[in-house]
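The values are calculated or read from the model by the stated rules, or taken from the named source; none is laboratory data. Everything numeric here is computed off the predicted structure, so don't read it as measured data. In this analysis, Cβ positions are derived from the backbone assuming ideal geometry, glycine residues included, and neighbour counts consider all displayed protein chains.
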Amino acid sequence: MLGGIFDVDNRLQQIEEKENLSLDPNLWDDPKKAEQLLKELKLHKNWVAKYNAIKELVDEVEVLEEFRQAGEGTEEEVDHKYLIALEKIEDIEFRSTLNKPEDELSCTLEINAGAGGTEACDWTEMLYRMYVMYAEKAGYKVKELNRVQGDVAGIKSVELEIDGEYAYGMLQSENGVHRLVRISPFNSQGKRMTSFASVFVHPAVDDSIEIEVNPADLDWDTFRASGAGGQHVNKTESAVRLRHLPSGIVVECQEERSQHLNREKAIKMLKSRLYQKELEKQYAERDKVEAGKMKNEWGSQIRSYVLDDRRVKDHRTKFENRNTDAVMDGDIEGFLKAFLMWDGT
């Protein structure tokens, strides 16, 4: 059944065809086309490998059951292997819900402090750490594209590039306002405080997606980068700010020391924003990611993190995790899966 659901026969045929194309000595005459071919080949191979791993587990369950019936094994051994196989099957069934073209893309993730002053800036930095730890555990590559420090502590805003297969599909549920409730270390009276931060996730376009940008529609500014980086970032205007005049979209990038490289990255970030706007038009019949965003304050949150009560709850799916330390250390996959299953229904 899984072989049919995941189109294994077709994927095997695609692998054979693309492997033959990859042997063409002129393949790298067009680097973008070559990279896209190899990316598609890797994707098909990954799905087939997952299917084969599950098939092997199911076969092992059957063999263990035969041994048990012959008096050479125990029911506990069968049950143990069965539960492992079941978990793998449920995981791959869940991943099959990531079936839209944009789901398999990398993403950029932006966090902005909301109502709550210094406490909100600290909360933004806590969310930053949570997402970085999740991404690293999931095998994604993480780059910091832009950061604005808080006046006293924490971060006012930060933008990350999360690179890896299905990064956008997995993290798209994080769009919205995240609410923190805790005994604040910044309150001298030790009072319980509430603060907010908004998260925006955009699909990162790759070379397989054509987004036309007219240079005449772009307005550029340069400025000195802030934050860590030594004397260089303080003495050169390597950071860039890009305004797309027709849409009003503004992006900033100070990741690289080179202004030229930051310009290239800013163009890519802009294309990601424009691509997301187009996706929202295409999926007009569904609840839009942007349309679901509300004011960055009380009453508009998608998820609450109540640390002194040791509870993190998603208000859309009702999924809850009582291990707040684990959640803040990046254990958020339960929330991501719950949203995808909820959104799919």
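Answer with yes or no whether Leu41 is under 31 Å from the mean Cα position of the chain (by Cα), farther than 28 Å from Glu102 by Cα, free of Cβ contacts under 8 Å to residues at least 40 places away in the same chain and surrounded by 13 or more Cβ atoms within 10 Å (Cβ to Cβ).
Spelling it out, it is not the case that Leu41 is under 31 Å from the mean Cα position of the chain (by Cα), farther than 28 Å from Glu102 by Cα, free of Cβ contacts under 8 Å to residues at least 40 places away in the same chain and surrounded by 13 or more Cβ atoms within 10 Å (Cβ to Cβ).
For the range 135-229, please list each of the strands (runs of 3 or more DSSP E) lying entirely inside it that holds at least 2 residues being within 29 Å of Leu307 (Cβ to Cβ).
In the range 135-229, the matching strands (runs of 3 or more DSSP E) lie at 141-149, 155-163, 176-183, 192-204.
If you scan the range 168-206, which residues turn out to be among the hydrophobic types (A, V, I, L, M, F, W, C) and surrounded by 17 or more Cβ atoms within 10 Å (Cβ to Cβ)?
Matches in the range 168-206: Met170, Leu171, Val177, Leu180, Met193, Phe196, Ala197, Val199, Phe200, Val201, Ala204, Val205.
Out of the range 12-62, which residues are in contact with a Phe, Trp or Tyr (Cβ under 8 Å, 6 or more places away or on another chain) and more than 18 Å from Ala85 (Cβ to Cβ)?
Ala34
Among the residues of the range 105-127, are any outside the structural domain of Ser272 (by TED's automatic domain parsing), among the aliphatic types (A, V, I, L, M), part of a helix (DSSP H, G or I) and closer than 22 Å to Lys277 by Cβ?
No, the conditions are met nowhere in the range 105-127.
Every residue, every condition in (1) under 22 Å from the mean Cα position of the chain (by Cα); (2) under 18 Å from Gly169 (Cα atoms); (3) among the β-branched types (Val, Ile, Thr); (4) modelled with pLDDT of 80 or more, yes or no:
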{"position": "Glu255", "(1), (2), (3), (4)": "yes, no, no, no"}
{"position": "Ser304", "(1), (2), (3), (4)": "yes, no, no, yes"}
{"position": "Asp329", "(1), (2), (3), (4)": "yes, no, no, yes"}
{"position": "Glu333", "(1), (2), (3), (4)": "yes, yes, no, yes"}
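Could you check the range 48-75 and list, in sequence order, the residues that are in contact with a helix residue (DSSP H, G or I) (Cβ under 6 Å, 6 or more places away or on another chain) and touching a residue at least 24 places away in the same chain (Cβ under 8 Å)?
Val48, Lys50, Tyr51, Ile54, Leu57, Val58, Glu60, Val61
Select from the range 1-30 the residues that are in a helix (DSSP H, G or I), modelled with pLDDT of 85 or more and not hydrophobic (A, V, I, L, M, F, W, C) and list them in ascending order.
Within the range 1-30, Asp9, Asn10, Arg11, Gln13, Gln14, Glu16, Glu17, Lys18, Glu19, Asn20, Ser22, Asp29 meet the criteria.
For the structure I just gave you, tell me whether Gly150 is among the small types (Gly, Ala, Ser), within 25 Å of the chain's Cα centre (by Cα), outside the structural domain of Leu270 (by TED's automatic domain parsing) and under 25 Å from Arg241 (Cα atoms).
It is true that Gly150 is among the small types (Gly, Ala, Ser), within 25 Å of the chain's Cα centre (by Cα), outside the structural domain of Leu270 (by TED's automatic domain parsing) and under 25 Å from Arg241 (Cα atoms).
Specify which of the listed residues (Glu161, Glu104, Glu165) is among the charged types (D, E, K, R), in contact with a Ser or Thr (Cβ under 6 Å, 6 or more places away or on another chain), surrounded by 17 or more Cβ atoms within 10 Å (Cβ to Cβ) and at pLDDT below 95.
Glu161
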